[in-house]
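None of the figures in this text is laboratory data; all of them are computed from the coordinates on show. What you are looking at is a predicted structure, and each value in this text was computed from that prediction instead of being measured. Every residue, glycine as well, gets a Cβ built from its backbone with ideal geometry; the counts of neighbours run over all protein chains shown.
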Amino acid sequence: MDTTKYIGLDVHKEAIVIAVLNGGGKLVMESIVETKASTILEFMRGLQGELQVTFEEGTWANWLYDLLKPHVKKIVVCNP
């Protein structure tokens with residue numbers, strides 16, 4: 001059974017919009033969390049399985065990459 005979760009983050013100064021897809025590509029969760037390290041990590045800890053995250057290059061990209069790297073399997077920072 002594939003327990004991979006694909007997580008897309010739309011990062012803003014005050015909040016992050018999160019979409020979580022399962023291994024089959026089905027949307028299983030959407031959430032909005034505060035752009036704060038403890039809140040983001042608490043959300044990620046609540047997910048089970050292998051976590052793969054993607055978000056856009058931008059003001060928060062370096063900080064977010066460093067924050068999440070120890071907690072997820074893979075991070076993709078994209079430039080759309």
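Mean separation of Cα pairs under 8 Å and 6+ residues apart, divided by the residue count of the chain: what relative contact order is that in percent?
29
Among G58, L27, H71, flag the residue with its Cα farthest along the positive direction of the charge dipole of the chain, charges on Cβ as +1 for Lys/Arg and -1 for Asp/Glu.
Value computed over the given set: H71.
Residues of region 40-71 with backbone nitrogen within less than 12 Å of a virtual label 7 Å along the Cα-to-Cβ line of V77, please, listed as ranges.
55-69
In nm, give the distance between the simple-model label positions of E42 and A15, each being 7 Å from the Cα along the Cα-to-Cβ direction.
The modelled label-to-label distance comes out at 1.6 nm.
If you build the Cα gyration tensor of the chain and take the root of 5 times each eigenvalue, what three semi-axes come out, in whole angstrom, biggest first?
Its equivalent ellipsoid spans semi-axes of 19, 13, 12 Å.
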